[in-house]
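Read through the structure below, which is laid out as structure tokens, and then see the notes.
The values are calculated or read from the model by the stated rules, or taken from the named source; none is laboratory data. In this text, all values refer to a predicted model and were calculated from it rather than measured experimentally. Heads up, the Cβs are rebuilt from the backbone with ideal geometry, glycines too, and the neighbour counts pull from every protein chain shown. Surface areas here come from the heavy atoms of the whole protein model, side chains and all, with no ligands, DNA or RNA. Shrake-Rupley method; radii C 1.70, N 1.55, O 1.52, S 1.80 Å.
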Amino acid sequence: MADCIFCKIVSGELPSYKVYEDEDTMAFLDINPTAFGHTLVIPKKHFSNLEEIPADLLQQTILIVKKVGQSIKDNLDVAGYNVCENNDPGANQIIPHIHFHLIPRYKNDHLDPWPQTKYPEGKAIQILEKIKIN
Ligand code: AMP
Ligand code: ZN
């Protein structure tokens, strides 16, 4: 896609700190890391989100997430890592080329990712009835 930053990274038009590359996928350091080692894993072909990417390519991409996660665990002094995919602009997806964030978690990093709440009476079943897949 002409104006896509990640397509330009794939083509070499823009530089990146490349962590991994194969025929179909690529991983590189996020330029503005949440934590040192924050890595993005992408399919080389441009698909915007989980709804657009074909299942086989998604499988390949998530296996690279696993591979890069292993390298982060083996080679950085991490306590674990978070995997995140911001799916659509309304979910803070800025770059419309699907990517998985791997965010290394260091001991006492105080990155508390998500606030949590409680379901009011009856709400959980109401939501469940809407999204349940039969
Ligand atoms: P998202 O909000 O999920 O679309 O995340 C996009 C991510 O891409 C952000 O964390 C940015 O810091 C990162 N980013 C933007 N431009 C570049 C770039 N040229 N190289 C590496 N990472 C980038
Ligand atoms: Zn793209």
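Return, for the Cα atoms of the chain, the radius of gyration and Dmax in Å, separated by a comma.
16.9, 54
With a 1.4 Å probe and all protein chains left in place, how much accessible area per residue does the chain have, in Å²?
Computed with neighbouring chains in place, this is 71 Å² per residue.
Going through the cross-link list Lys45/Lys66; Lys44/Lys107; Lys66/Lys118; Lys66/Lys132, which pairs have a Cα-Cα distance over 21 Å in this structure?
Details: Lys45/Lys66 19 Å; Lys44/Lys107 33 Å; Lys66/Lys118 32 Å; Lys66/Lys132 28 Å.
In this structure, Lys44/Lys107; Lys66/Lys118; Lys66/Lys132 lie more than 21 Å apart at Cα.
Points 7 angstrom from Cα along the Cβ direction at Glu129 and Ile31: gap in nanometres?
4.9 nm
Sort 33-41, 21-29, 69-77 by the packing proxy (mean of other Cβ within 10 Å over each peptide's residues), most packed first.
Those peptides, ordered most packed to least, come out 33-41, 21-29, 69-77.
Of all GluC sites (Glu not before Pro) in segment 25-134, which ones are in loop regions per DSSP and have a Cβ with at most 10 other Cβ atoms within 10 Å?
Passing sites in segment 25-134 are Glu51, Glu121.
Please work out the Cα center distance from segment 83-134 to segment 1-78, rounded to the nearest Å.
About 20 Å separates the Cα centre of segment 83-134 from the one of segment 1-78.
Could you list the trypsin sites (Lys or Arg not before Pro) in segment 81-127 that lie in coil according to DSSP, counting only those with at most 12 other Cβ atoms within 10 Å of their Cβ?
Numbers: sites: Arg105, Lys107, Lys118, Lys123; in loops: Lys107, Lys118.
Those that pass, being in a loop and sparsely packed, are Lys107, Lys118.
Carbon and sulfur: what percent of the chain's accessible surface (1.4 Å probe)?
54 percent
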